[in-house]
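Report on one structure; see the data block that follows.
The values are calculated or read from the model by the stated rules, or taken from the named source; none is laboratory data. In this text the structure is predicted, and so the values were computed from the model without any measurement. We place every Cβ from the backbone using ideal geometry, glycine too, and count neighbours over all the protein chains shown. Only protein heavy atoms, including side chains, enter the accessible area calculation; ligands, DNA and RNA are left aside. Shrake-Rupley method; radii C 1.70, N 1.55, O 1.52, S 1.80 Å.
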Amino acid sequence: MDLFTPSVQHWLDLAGIFVFAISGALLAVRKNFDVIGMAVLAEATALGGGLIRDVLIGAVPPAALTDLGYLLTPLVATALVCFLHPQVERINRAVMVFDAAGLGLFCVTGTVKAHAYGLGPVASVAMGLATAAGGGVLRDVLANEVPSLLRWDREIYAVPALVGATAVALLIHTGLLDAVTSALSAALAFGLRLLALRYNLRAPRAWHRRSGSTDQGAAEA
Amino acid sequence: MDLFTPSVQHWLDLAGIFVFAISGALLAVRKNFDVIGMAVLAEATALGGGLIRDVLIGAVPPAALTDLGYLLTPLVATALVCFLHPQVERINRAVMVFDAAGLGLFCVTGTVKAHAYGLGPVASVAMGLATAAGGGVLRDVLANEVPSLLRWDREIYAVPALVGATAVALLIHTGLLDAVTSALSAALAFGLRLLALRYNLRAPRAWHRRSGSTDQGAAEA
Amino acid sequence: MDLFTPSVQHWLDLAGIFVFAISGALLAVRKNFDVIGMAVLAEATALGGGLIRDVLIGAVPPAALTDLGYLLTPLVATALVCFLHPQVERINRAVMVFDAAGLGLFCVTGTVKAHAYGLGPVASVAMGLATAAGGGVLRDVLANEVPSLLRWDREIYAVPALVGATAVALLIHTGLLDAVTSALSAALAFGLRLLALRYNLRAPRAWHRRSGSTDQGAAEA
């Protein structure tokens, strides 16, 4: 199912891929990787979530390998970051906003695609989260960093994606999913992520943490 | 093939998933992750081995995405660890025993499923090992730790799984696999793992290690 | 398509798998892993690239699980490294040459197989790179190291693979691919990698790096 007209959907996908790729290439610069490392990390961040979803639901070869635009867009992002990364870093706040838009878009399209391949609502929501957040996890694992998604000292990322994906699953279940309601679901996830960034919203940790794990003194084990 | 009656098999699977999820959630607490990190690590540990096997043998969508109980059980384990992790840590020895039971169960079911999808005996044994140990490796990779499975200073984990899986492969080859013999194979792996824990059995390392890698002074490179 | 007669192709594949497995087992020794860790890392390095490619293009179960030689060859390499690793380390330069040969071979066979499964030229080149370099990335991720492929202070590895894979894609497009031209493509990648090793060729990094990232003082962030 296309949420919008096919060409609008396609341009939105490419825009989401582009901003995710920017975040991968920027991490590569911070880690002092070479341009190959930048391109690999940009591709993995941008396409990783969709690849994981497509492999799990049996949609092979994945869209990322059959659509030339999907493969080439991260290379454009890599070139941009390669030559202009101080400027890109300076507009990091704007990059975060676009990344939140990608999050909103992909949690919706991922859930819809998983449903189209026959998965139930809970599994579809899980695939929506995997589409939105899987690329970032792959980026961090490849760069040998603790995934942002898991860290308590990062603004919530999974929760907005889960809310957006759950909204879509409910809309599918009630037969109300159309271009408008799916756009609203994406906007809901987008807005929650922006609120999380603005107000530093974080997820709680387990109760009764040992004294060494206070908010002030916490370091990774 | 179901080793036991379908419902017994299903409850055993859920029990194995539950204890694996506990180990993932506990590592997340030790790493100071938030509740999202706990849930992600619990899901990855509990379902990761089966997901890897199912993707490799072509059983998509994997059982983990079509059975609601598989997806939700790790969340129950996460909630338990979230509120009661000091108590869960205190019974860590009991958790290790249940984990050994999960190891025994999954090396058997993984080997049987791989055989059912047409793989040969050696590949089926490899898939039995992947089912039993893959989730733990995924847990450690996501948490940015050296996988327990690879470390010399951990009690053997792969060997009991390999023995159990090999026993199943031989039983299949000789036509002797049934509920009793497969339960015995699982018990064999379970027992070996308990012996390894009790007597600190470790696998050897390469010969002629450089002087810096003595048993006393060894640190990871 | 077989590039050569089937049996020649098969022996070349096994030789490539063997040398990749050596590099995995050697890293395990350096990381002080036990023999299980050596075998797991040898298997992952040798078969990982092909597994990733086969899962993505839908060729399941992958060749690595249906051909007994593919599964057992890394164990032979593990045994060799286990007993003779000081000697193997001493001929490390020779191992690097064989690894370069594996790189040349696998970038060609990976591209050809991806094309045979219906992928376009750019995606096929990406799969050629994944086949040649994916195992090494998996090895480094499992060992909790920053992947060599991404590091600026390593001789280029991806570029020779990309050149070889691109040559194959062009040959397919022009209908000129046969045993001779594919062997020449593999030799081209092999030769470029040897040149890179001989003259310490490295890929550039992003422009305008911050002062802390000079060539002299660079450390990973």
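One residue is enough: does the stretch B:167-186 have a residue meeting the conditions part of a helix (DSSP H, G or I), of a type outside the set (A, V, I, L, M) and within 21 Å of C:ALA39 (Cα to Cα)? Scanning the stretch B:167-186 turns up no residue that is part of a helix (DSSP H, G or I), of a type outside the set (A, V, I, L, M) and within 21 Å of C:ALA39 (Cα to Cα). Just so you know, in the stretch C:76-91 the residues that are within 10 Å of another protein chain (Cβ to nearest Cβ) and open to solvent by 70 Å² or more (accessible area, probe 1.4 Å) include one that is modelled with the lowest pLDDT, and it is C:GLN87. When you look at A:VAL163, is it open to solvent by 50 Å² or more (accessible area, probe 1.4 Å) and either at pLDDT 95 or above or within 7 Å of another protein chain (Cβ to nearest Cβ) (or both), yes or no? Yes; evaluated as a whole, the condition is true for this residue. Flag set for C:GLY50, criterion: closer than 22 Å to B:LEU129 by Cβ, of a type outside the set (Phe, Trp, Tyr) and either crowded, with 24+ Cβ neighbours inside 10 Å or modelled with pLDDT of 95 or more (or both). Highlighted here are the helices (runs of 4 or more DSSP H) found entirely within the stretch C:1-70 that include at least 3 residues which are touching a Pro at 6+ places or on another chain (Cβ under 6 Å): C:35-57. In the set (1) surrounded by fewer than 16 Cβ atoms within 10 Å (Cβ to Cβ); (2) without any contact (Cβ under 8 Å) to a residue 24 or more places away in the chain, the condition left unmet by A:ALA15 is number (2).
Residue under question is B:ALA100, and the condition is that it be of a type in the set (A, V, I, L, M), open to solvent by less than 40 Å² (accessible area, probe 1.4 Å) and at pLDDT 95 or above; does it hold? Here the answer is no, as B:ALA100 does not meet what is asked. Every condition in (1) facing chain B (nearest Cβ under 10 Å); (2) in contact (Cβ under 8 Å) with a residue 12 or more places away in the chain; (3) under 28 Å from A:PHE33 (Cβ atoms) is met by A:VAL141 except one, and the failing one is (2).
Within the stretch B:171-190, the set of residues being under 17 Å from B:ALA161 (Cα atoms), surrounded by fewer than 19 Cβ atoms within 10 Å (Cβ to Cβ) and either free of Cβ contacts under 8 Å to residues at least 40 places away in the same chain or among the β-branched types (Val, Ile, Thr) (or both) comprises B:THR181, B:LEU184.
Here is the figure for the stretch C:110-122: residues that are open to solvent by 20 Å² or more (accessible area, probe 1.4 Å) and either part of a loop (DSSP other than H, G, I, E, B) or away from chain A (no Cβ under 14 Å) (or both) total 3. Within the stretch A:18-59, being farther than 23 Å from C:TRP207 by Cα and either hydrophobic (A, V, I, L, M, F, W, C) or facing chain C (nearest Cβ under 10 Å) (or both) holds for A:LEU47, A:LEU51, A:ILE52, A:ASP54, A:VAL55, A:LEU56, A:ILE57, A:GLY58, A:ALA59. Listed conditions (1) facing another protein chain (nearest Cβ under 7 Å); (2) open to solvent by less than 50 Å² (accessible area, probe 1.4 Å) are all met by A:SER148, apart from (1). Would you check if A:THR174 is of a type in the set (Val, Ile, Thr) and modelled with pLDDT of 95 or more? Yes, satisfied.
Would you confirm whether or not the stretch A:129-138 contains a residue that is open to solvent by less than 50 Å² (accessible area, probe 1.4 Å), among the β-branched types (Val, Ile, Thr) and either within 14 Å of chain B (Cβ to nearest Cβ) or touching a residue at least 40 places away in the same chain (Cβ under 8 Å) (or both)? Yes, there is a match, as at least one residue in the stretch A:129-138 is open to solvent by less than 50 Å² (accessible area, probe 1.4 Å), among the β-branched types (Val, Ile, Thr) and either within 14 Å of chain B (Cβ to nearest Cβ) or touching a residue at least 40 places away in the same chain (Cβ under 8 Å) (or both). Checking each residue in the stretch C:60-75 for being more than 9 Å from chain B (Cβ to nearest Cβ) and farther than 16 Å from C:PHE106 by Cβ picks out only C:LEU75.
Being farther than 19 Å from A:ALA44 by Cβ and not basic (Lys, Arg) is the requirement here; does C:GLY120 meet it? When the stated conditions are applied, C:GLY120 passes them.
Here is a check on your reading of the model: is A:VAL125 of a type in the set (A, V, I, L, M) and assigned to a helix (DSSP H, G or I)? It is true that A:VAL125 is of a type in the set (A, V, I, L, M) and assigned to a helix (DSSP H, G or I).
For the stretch B:63-71, the criterion of being crowded, with 21+ Cβ neighbours inside 10 Å, in contact with a Phe, Trp or Tyr (Cβ under 8 Å, 6 or more places away or on another chain) and without any contact (Cβ under 8 Å) to a residue 24 or more places away in the chain is met by at least one residue.
Evaluating C:ILE156 against the criteria (1) closer than 21 Å to C:ALA186 by Cβ; (2) more than 10 Å from every other protein chain (Cβ to nearest Cβ) leaves one unmet condition, (2).
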